[in-house]
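The numbers here are math on the coordinates, done by the rules we state, and not lab data. Being a predicted model, the structure only gives us computed values, none of them experimental. FYI the Cβ positions are ideal-geometry reconstructions off the backbone, even for glycines, and counts take in every protein chain you see.
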Amino acid sequence: MGKAQVSRGESFRQRLKDWSPLARWRAGLAFLAAALVVLGFFATTHSFRSWLVTHPLQQIPESVLASRGSLDPHQDAGVLTASFCIPPYLYDSQMIRTDSVAEFIAVLKRADRENKPLLFNIGMPWAAREDSPGMWSLFNNPQLFSAPRTFPGMDAGLDRTVALYKAGSADSFDFSPYKLDER
């Protein structure tokens, strides 16, 4: 068997001995260069990767925990949860979706009738403000809701907002300026 042929049982070290000193030096240099590139990548991107891991794209589970107290979708937390923009269905399958001002008001009255706390969990507040101005106005009304708690996302456009409905406040609130079929 000539040097150009390599048998199956021959190890890398045995084959390396057949290389010329210059070829071994080049192979070592190539390995070292590749290792330095990989280590350099990890060293220069470590702080960004650490930040990325600790800052979720959108704090959906955190906002649901603040609303329901549990991520178990089958657990009755004794509260009603609702949303009109980017509902967190994957973490809160019992969430009530409101698609109009009339449905929004109906959920408030349901919470009063059932004597349960009601929390609205809104994703992407900028989209809620643009797409559902009537519901957004009611959601931000201090007569109806406590001050909203914001869960910052990776970008300001990915924030989530949770607010607690002030029980019984719908009874004395004047909803007449709102168009019931409006979002």
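Table for the structure above
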| read-out | value |
| --- | --- |
| GNM flexibility winner over the chain from 167, 111, 30 (Cα, springs under 10 Å) | 30 |
| Given charges at beta-carbon only (K, R positive; D, E negative), |dipole| of the chain in Debye | 1500 |
| Options 63, 32, 136, ranked by Cα towards positive dipole end of the chain, top entry (Cβ charges) | 32 |
| Cα-projected label distance for residue 33 with residue 19, points at 7 Å along beta-carbon direction, nm | 1.3 |
| Interchain or long-range residues, amide H under 5 Å from residue 167's placed H | none |
| ³J(HN,Hα), Karplus 6.51/-1.76/1.60, whole Hz, each residue of the range 145-153, x for Gly, Pro | 10, 5, 4, x, 9, 9, 10, x, x |
| Of 159, 76, 99, the one that fluctuates the most in a GNM where the chain has Cα springs shorter than 10 Å | 76 |
| Computed E for residue 93/residue 114 - FRET, C-beta separation, R0 25 angstrom, nearest 0.05 | 0.85 |
| Farthest toward positive dipole pole in the range 60-172 [+1 Lys/Arg, -1 Asp/Glu at C-beta], among 164, 93, 75 | 164 |
| The chain: calculated mean residue ellipticity at 222 nm from DSSP helix runs of at least 4, using -39500 (n - 2.57) | -13500 deg cm²/dmol |
| Rounded to whole Hz, the Karplus (6.51, -1.76, 1.60) HN-Hα couplings of the range 107-114, x for glycine and proline | 5, 4, 5, 5, 4, 5, 5, 8 |
| Mean separation of Cα contacts under 8 Å, 6 or more apart, over the residue count of the range 60-172: relative contact order % | 27 |
| Quotient of Cα Rg and 2.2 N^0.38 Å for the chain, N being how many residues it contains | 1.86 |
| Likely footprinting exposure, 122, 105, fewest C-beta neighbours within 10 Å first | 105, 122 |
| Amide H contacts of residue 96 (H built 1.01 Å from N, under 5 Å, at least 5 apart or other chain) | 81, 82, 83 |
